[in-house]
Amino acid sequence: MAVDRDRGPLFRPVASNQRVTYAELFFDLVFAFAVTQISHTLLGRFTPLGALQTTLLLLSVWWTWVYTAWITNWFNPELTPVRVLLFLLMLGGLVLSTSIPAAFESRGLWFALAYAGMQVGRTSFWFLMTPRTRVSARANALRVLVWLSVSALFWIAGGFSEGNQRLVLWAVALGVEYISPALRFWIPKYGASSVTDWHVDGSHMAERSAGFIIIALGESIVVTGATFADLTWTSATVTAFLSSFIGSLAMWWIYFHKGAEAGSELISKSDEPGRLARLAYTYLHLPIVAGIILSAVADELVLTHPADHSDLKTVLSSIGGPLVFLIGTILFKHTIRGWLQLSHGIGILALCGSAWFASDMSPLLLSIVTTAIMIVVAVWETVSLRSPAKSHGEALSEKPQSEATSA
């Protein structure tokens with residue numbers, strides 16, 4: 001493979017449609033475990049405080065993964081130093097993942113050290129391995145390093161704290177990290193970065209993000225299969241199993257059948273792929289992942305108690321999972337198409353409407369209703385985008401690419 005001397009010996013050569021490497025896929029295995037840990041943690045502490053804590057843990061896991069996706073968009077994982085970096089990040093990710101269930105108890109410091117070490121260490125590698133001739137790239141690395149170093153102080157301080165103080169300090173740390181891209185990593189003397197400085201290979205970023213959706217959906221499938229395997233196979237449990245599985249298929253269809261392809265095509269052709277990647281893939285994929293994880297929690301609850309009364313936990317997860325997923329997908333597709341998906345909007349309204357009657361349904365019936373809504377959304381979008389005479393609400397956008405990108 002030829003080396004682009006202008007970019008640096010460890011960077012990917014300038015080319016379109018860079019493929020996702022086996023090293024990146026191997027790295028993702030750690031985060032498959034992390035997603036499982038998050039769903040099980042939420043299931044075990046489905047209280048307002050527990051939900052808040054689990055949300056914070058999900059935000060941190062996603063942010064760690066997505067920052068690594070940006071780095072491997074620039075650096076070449078086929079080269080040994082970059083692979084070693086990924087393997088070290090895998091080790092840190094494994095410590096992070098195993099600490100999740102007790103992150104707010106005995107393993108808080110381990111979680112904080114693993115997280116801060118991954119964020120600061122990865123960015124330090126980026127800064128040190130970028131040639132001095134690439135002034136803007138080194139400046140960007142320095143900006144990000146400063147912000148992550150500041151947040152690391154709050155992470156570690158939270159690791160030494162306990163109870164609500166830990167929650168507050170970690171929330172501040174995440175706030176620092178999540179707001180920094182929107183502020184374009186402004187720091188004194190260096191100012192803010194320019195959008196043109198954040199060039200990415202669009203197809204690679206889209207494929208990496210789609211891969212994480214597969215991870216989340218895979219965790220949902222594993223939860224369904226593992227739970228069903230330990231149950232007595234009655235008509236109720238078999239029906240719940242089928243409903244859960246079909247619900248996961250519907251989520252896959254809604255995201256991948258049209259949206260993932262359209263996103264990949266748009267970002268590949270965009271004049272400002274960095275801006276689009278920041279919004280569509282860094283921020284808006286998070287609710288999509290969160291919805292899938294919450295749906296996995298619902299699947300386990302429905303499978304174990306299909307005929308019981310639908311308590312608040314079952315209602316919130318059964319409706320909240322698909323609802324958050326559809327909100328994420330409608331915003332994602334709005335970003336890449338420039339208009340709101342009518343089918344998704346109707347699905348969101350239908351899920352909200354079903355909440356009024358959810359407590360009167362059994363968990364099994366509630367699962368069937370939410371799965372049916374997701375099927376309608378998937379079929380509606382598929383038929384409307386295939387039809388020659390598309391309605392305005394579901395037609396492919398004819399807006400200029402720059403207009404859609406600026407959304």
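The values are calculated or read from the model by the stated rules, or taken from the named source; none is laboratory data. Fair warning: this is a prediction, and the values are worked out from it, not measured in the lab. Cβ: placed from backbone, ideal geometry, glycine included. Neighbour counts: every protein chain shown.
The requirement of being among the acidic types (Asp, Glu), under 24 Å from PRO77 (Cα atoms), assigned to a helix (DSSP H, G or I) and out of contact with any Cys (no Cβ under 6 Å at 6 or more places or on another chain) is satisfied by GLU207. Quick check, is ILE327 buried (at least 24 other Cβ atoms within 10 Å of the Cβ) and either touching an Asp or Glu at 6+ places or on another chain (Cβ under 7 Å) or outside any loop (DSSP other than H, G, I, E, B) (or both)? Criteria not met by ILE327.
For every residue, the table says whether it meets (1) basic (Lys, Arg); (2) surrounded by 22 or more Cβ atoms within 10 Å (Cβ to Cβ).
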{"site": "PHE33", "(1), (2)": "no, no"}
{"site": "THR41", "(1), (2)": "no, no"}
{"site": "GLY44", "(1), (2)": "no, no"}
{"site": "GLN53", "(1), (2)": "no, no"}
{"site": "LEU56", "(1), (2)": "no, no"}
{"site": "SER60", "(1), (2)": "no, yes"}
{"site": "GLU78", "(1), (2)": "no, no"}
{"site": "ARG83", "(1), (2)": "yes, no"}
{"site": "LEU94", "(1), (2)": "no, no"}
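Inclusion of PHE111 among residues that are among the aromatic types (Phe, Trp, Tyr) and at pLDDT below 95 is not warranted. The residues listed here are VAL315, VAL289, VAL376, VAL369; of these, the one that is closer than 18 Å to ILE213 by Cα and touching a residue at least 12 places away in the same chain (Cβ under 8 Å) is VAL289. Checked against the criteria, ALA226 does not count as more than 22 Å from LEU58 (Cβ to Cβ) and in a helix (DSSP H, G or I).
To keep it simple, each residue is scored yes or no on (1) over 24 Å from the mean Cα position of the chain (by Cα); (2) within 15 Å of THR304 (Cβ to Cβ); (3) in the same structural domain as PRO273 (by TED's automatic domain parsing).
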residue	(1), (2), (3)
GLU207	no, no, yes
GLY211	no, no, yes
ILE214	no, no, yes
LEU217	no, no, yes
ALA226	no, yes, yes
THR234	yes, yes, yes
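With the structure loaded, tell me whether LEU316 is in contact with a Leu (Cβ under 9 Å, 6 or more places away or on another chain) and either of a type in the set (Phe, Trp, Tyr) or under 18 Å from LEU365 (Cβ atoms) (or both) or whether it fails that test. Yes; evaluated as a whole, the condition is true for this residue. Restricting attention to the stretch 46-72, the residues that are of a type in the set (Val, Ile, Thr) and within 19 Å of GLY321 (Cα to Cα) total 4.
Condition first: surrounded by 21 or more Cβ atoms within 10 Å (Cβ to Cβ) and modelled with pLDDT of 90 or more. Now tell me which residues in the stretch 221-265 satisfy that. Scanning the stretch 221-265 gives THR224, ALA240, PHE241, SER243, SER244, GLY247, SER248, ALA250, MET251, ILE254, TYR255. Close Cβ contacts (under 9 Å, 6 or more residues apart or on different chains) running from residues in the stretch 76-99 that are touching a residue at least 24 places away in the same chain (Cβ under 8 Å) and basic (Lys, Arg) to residues that are surrounded by 15 or more Cβ atoms within 10 Å (Cβ to Cβ) and assigned to a helix (DSSP H, G or I) comprise ARG83/ALA23. You will find that of PHE111, PHE154, PHE125, the residue that is over 26 Å from LEU183 (Cα atoms) and part of a helix (DSSP H, G or I) is PHE111 and no other. Scanning the stretch 156-176 for residues that are of a type in the set (A, V, I, L, M, F, W, C) and more than 21 Å from the chain's Cα centre (by Cα) turns up ILE156, ALA157, PHE160, LEU167, VAL168, LEU169. Which residue out of SER310, SER295, SER387, SER359 is polar (S, T, N, Q), in the same structural domain as TYR283 (by TED's automatic domain parsing) and either touching a Cys at 6+ places or on another chain (Cβ under 9 Å) or at pLDDT 95 or above (or both)? Result of the check over SER310, SER295, SER387, SER359: SER295.
Restricting VAL302, VAL297 to residues that are buried (at least 20 other Cβ atoms within 10 Å of the Cβ), more than 21 Å from TRP339 (Cα to Cα) and touching a Gly at 6+ places or on another chain (Cβ under 9 Å) narrows the list to VAL297. Within the stretch 164-179, restricting attention to residues that are farther than 16 Å from TRP63 by Cβ and in contact (Cβ under 8 Å) with a residue 40 or more places away in the chain, the residue that is surrounded by the most Cβ atoms within 10 Å (Cβ to Cβ) is ARG166. Look at the stretch 184-198: where a residue is farther than 13 Å from ALA277 by Cα and in a loop (DSSP other than H, G, I, E, B) and a partner is at pLDDT 90 or above and polar (S, T, N, Q), sitting 6+ places away or on another chain with Cβ atoms under 6 Å, you get SER193/ASN140. Would a scan of the stretch 106-126 turn up a residue that is free of Cβ contacts under 8 Å to residues at least 24 places away in the same chain and more than 30 Å from ASN164 (Cα to Cα)? Yes.
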